[in-house]
Amino acid sequence: MSDTIKTDVLIIGAGPVGLFAVFELGLLDIKAHLVDILDKVGGQCAELYPEKPIYDIPGIPLITGHGLTEALMRQIKPFGPTFHLGEMVTAIENIGDPLFRVTTDAGKTFECKAVVIAAGGGSFQPKRPPIPGIEPYEEKSVFYAVRKIENFRGKRLLVVGGGDSALDWTLNLQPIAKRLTLVHRRDDFRGAPDSVNKMRALVAAGAMDLKIGQVSGLEGADGVLTAASIKGKDAVEHVECDAMLPFFGLTMKLGPVADWGLEMDDELIKVNTGTFETNKVGLFAIGDINTYTGKLKLILSGFHEAALMAQKAHHYVHPDKRLVFQYTTSSTSLQKKLGVA
Amino acid sequence: MPKITYIEHDGAVHTVEAELGSTVMETALRNDVASIVAECGGSCTCATCLVHVDETWFAVVGPPSAEEEEMLDTAFEVKPTSRLSCQIKVTEALDGLIVRTPAYQGR
Ligand SMILES: Cc1cc2nc3c(=O)[nH]c(=O)nc-3n(C[C@H](O)[C@H](O)[C@H](O)COP(=O)(O)OP(=O)(O)OC[C@H]3O[C@@H](n4cnc5c(N)ncnc54)[C@H](O)[C@@H]3O)c2cc1C
Ligand code: FES
């Protein structure tokens, strides 16, 4: 068991709204840790439209998804948030009044006085290929991520895809696999040219196989894979394998949020619009993941929600301190926190 | 206005009017073609707006750009006439276009 990380507030999701929440909490002397399943911050802005323009951030006529993420990171820097990327929050347990224990799929545990769910459109999770009968093999012989390289030692592996994940894992696993076959729909790869060259060299040297086609069927029993069919241009080929690793990018799924006992409406969390608290005391939901009368799934709405949430969270984190309303323009105490006074 | 016909995997057929300059994806969403997901809103970063262009129409629609071809790598059951519908702009030349949608867009 790893040590428990103690913090004032844990924010689930490092999208634009989770990031801005750090700012609003920080102004009220509340420290935050953030967890996101993506390996980068920025949520939808970073994953889905980094290069696209956004025109409706108040006071900013035009900014890209990437630009907004960068700007938010600069804005929250004075508050020193800690990020835990590439991890999914799986459970929230109420252990006090209010006090929470939050756990991630990487085995990390947090203890905090309030939890802010800024999970947006849900967690970004790997796309599952629609191969008939794939379900029983998942997590037994079909893996969407590599947790432990050693688990693949001496095995016949099928890596599927043409991007950096597929190529990186091909290069990392090839030395320890019994035999590795990379399957891709076309003989062109979008991954880094250097990785493509290394992969091609291994194929040329006979150290691995490359098949052009799409996986159309699996063979095996009780979750144990023995072979896969690969549909090429003219024929279906049969490749023996013990494990398959498909890499087709990510898609948004609600994920574990559904299991936290919150009052929901059509996969969205119901909140009080004065505090953005859920039906559970000390558990807040802001940004795209929440719903209320008149809700708009806009970044600016999420920012407003973050500000109101922070006021109520203060109540749980610093119960004996009185909250005085202040402007960043004129309050020296706020400016000290921002490092500008 | 050009007309586009969407044939969904379950057989549902929608023949709808498309606005010039919009995309085949936007037209689908506006007309409740349920099997077009379009998670990234047309940014060519999600590949959840896949369609199979009718063979007789493929020459008119044309092949995908290099960027789109790369995104097609993250779609499923990609065929030689598959395109991402957010990357097909509606023009007069597409009047009568027929596209088919897959059963599964990755979620
Ligand atoms: C193409 C496109 C264009 C858009 N244009 C605009 C625009 O012009 N203006 C505008 O205001 N809005 C726009 N939006 C909407 C805007 O991006 C969203 O409103 C915004 O991203 C919501 O922010 P969020 O922080 O609530 O959620 P998200 O950005 O969805 O981030 C949520 C994060 O939480 C993580 N997460 C979820 N569950 C878990 C878990 N259990 N454990 C760990 N991490 C988890 C996810 O991985 C994700 O990174 C656009 C959206 C798209 C797709
Ligand atoms: S809508 Fe995302 S790629 Fe077309």
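Hey, A:Ile76 hits all of (1) more than 14 Å from chain B (Cβ to nearest Cβ); (2) touching a strand residue (DSSP E or B) at 6+ places or on another chain (Cβ under 8 Å); (3) at pLDDT 95 or above; (4) surrounded by 15 or more Cβ atoms within 10 Å (Cβ to Cβ) but one; which does it fall short on?
Every condition holds for A:Ile76 apart from (2).
For region A:29-78, give me the residue count where each residue is more than 22 Å from the chain's Cα centre (by Cα) and aromatic (Phe, Trp, Tyr).
Number of matching residues: 1.
So, of the residues in region B:78-103 that are more than 9 Å from every other protein chain (Cβ to nearest Cβ) and of a type in the set (A, V, I, L, M), which turns out to be most open to solvent (accessible area, probe 1.4 Å)? I'd like the intermediate steps shown before the answer.
At the first step, the residues of region B:78-103 found to be more than 9 Å from every other protein chain (Cβ to nearest Cβ) are B:79-101.
Applying the additional criterion that residues be of a type in the set (A, V, I, L, M) yields B:84, B:88, B:90, B:93-94, B:97-99.
Values: B:Leu84: 1, B:Ile88: 7, B:Val90: 6, B:Ala93: 65, B:Leu94: 7, B:Leu97: 0, B:Ile98: 48, B:Val99: 0 Å².
Going through the qualifying residues, I end up with B:Ala93.
Could you check, for region A:98-114, whether at least one of its residues is surrounded by 15 or more Cβ atoms within 10 Å (Cβ to Cβ), in contact with a Pro (Cβ under 9 Å, 6 or more places away or on another chain) and modelled with pLDDT of 95 or more?
yes
If A:Thr278 meets every condition in (1) open to solvent by less than 70 Å² (accessible area, probe 1.4 Å); (2) farther than 30 Å from A:Lys312 by Cβ apart from one, which number is that one?
With (1) open to solvent by less than 70 Å² (accessible area, probe 1.4 Å); (2) farther than 30 Å from A:Lys312 by Cβ applied to A:Thr278, the lone miss is (2).
Are any residues in region B:56-74 open to solvent by 60 Å² or more (accessible area, probe 1.4 Å) and either within 16 Å of ligand 1 (Cβ to nearest atom) or away from chain A (no Cβ under 14 Å) (or both), and if so, which ones?
B:Thr56, B:Ala59, B:Val60, B:Glu67
Just to check your reading of the model, which residue among B:Glu39, B:Glu67 is modelled with pLDDT under 95, outside any loop (DSSP other than H, G, I, E, B) and within 14 Å of ligand 2 (Cβ to nearest atom)? Walk me through it before giving the result.
Numbers: B:Glu39 fails: outside any loop (DSSP other than H, G, I, E, B).
Unique residue meeting the criteria: B:Glu67.
Exactly one of these conditions fails for A:Pro136: (1) modelled with pLDDT of 95 or more; (2) open to solvent by 40 Å² or more (accessible area, probe 1.4 Å); (3) closer than 27 Å to A:Pro319 by Cβ. Give me its number.
Only one criterion in (1) modelled with pLDDT of 95 or more; (2) open to solvent by 40 Å² or more (accessible area, probe 1.4 Å); (3) closer than 27 Å to A:Pro319 by Cβ is unmet by A:Pro136, namely (3).
If you go through region A:301-320 one residue at a time, do you hit one that is open to solvent by 70 Å² or more (accessible area, probe 1.4 Å) and of a type in the set (Lys, Arg)?
Checked against the condition, which is being open to solvent by 70 Å² or more (accessible area, probe 1.4 Å) and of a type in the set (Lys, Arg), region A:301-320 yields no hits at all.
Within 13 Å of ligand 1 (Cβ to nearest atom) and either without any contact (Cβ under 8 Å) to a residue 12 or more places away in the chain or open to solvent by 10 Å² or more (accessible area, probe 1.4 Å) (or both): does that describe A:Ile63?
yes
Tell me which residues, restricted to region A:19-78, are within 16 Å of ligand 2 (Cβ to nearest atom) and either assigned to a loop (DSSP other than H, G, I, E, B) or among the basic types (Lys, Arg) (or both).
A:Leu48, A:Tyr49, A:Pro50, A:Glu51, A:Lys52
Being within 11 Å of chain B (Cβ to nearest Cβ), in a loop (DSSP other than H, G, I, E, B) and either among the acidic types (Asp, Glu) or farther than 20 Å from A:Glu240 by Cβ (or both): is that true of A:Gly162 here?
Taking the combined requirement at face value, the residue satisfies it.
For region A:46-63, give me each residue that is out of contact with any Cys (no Cβ under 7 Å at 6 or more places or on another chain) and within 11 Å of another protein chain (Cβ to nearest Cβ).
A:Ala46, A:Glu47, A:Pro50, A:Glu51, A:Lys52, A:Pro53
Every residue, every condition in (1) within 16 Å of ligand 1 (Cβ to nearest atom); (2) open to solvent by 50 Å² or more (accessible area, probe 1.4 Å); (3) in a loop (DSSP other than H, G, I, E, B); (4) more than 10 Å from chain A (Cβ to nearest Cβ), yes or no:
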residue	(1), (2), (3), (4)
B:His9	no, yes, yes, yes
B:Ser35	no, no, yes, yes
B:Phe76	no, no, yes, no
B:Gln105	yes, no, yes, no
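Can you list residue pairs whose Cβ atoms sit under 7 Å apart, with the first residue in region B:29-49 being under 15 Å from B:His9 (Cβ atoms) and the second being near ligand 2 (Cβ under 6 Å from one of its atoms) and open to solvent by 40 Å² or more (accessible area, probe 1.4 Å)? Count only pairs 6 or more apart in sequence or on different chains.
Close Cβ pairs (under 7 Å, with a partner that is near ligand 2 (Cβ under 6 Å from one of its atoms) and open to solvent by 40 Å² or more (accessible area, probe 1.4 Å)) do not exist here.
Residues in region A:257-267 that are surrounded by 18 or more Cβ atoms within 10 Å (Cβ to Cβ) and either closer than 15 Å to A:Gly121 by Cβ or facing another protein chain (nearest Cβ under 10 Å) (or both): how many?
2
Restricting to region A:184-214, count the residues that are away from chain B (no Cβ under 14 Å), buried (at least 19 other Cβ atoms within 10 Å of the Cβ) and not in a helix (DSSP H, G or I).
1
Please count how many residues of region A:183-202 are of a type outside the set (Gly, Ala, Ser) and free of Cβ contacts under 8 Å to residues at least 12 places away in the same chain.
So the count comes out to 4.
The values are calculated or read from the model by the stated rules, or taken from the named source; none is laboratory data. Note that the structure is predicted; figures quoted are calculated from it, not measured. As a convention, Cβ positions derive from the backbone with ideal geometry for all residues, glycine included, and neighbour counts pool all protein chains shown. The protein model used for the area step is the full one, side chains on, heavy atoms only, and it has no ligands, DNA or RNA in it. Shrake-Rupley method; radii C 1.70, N 1.55, O 1.52, S 1.80 Å.
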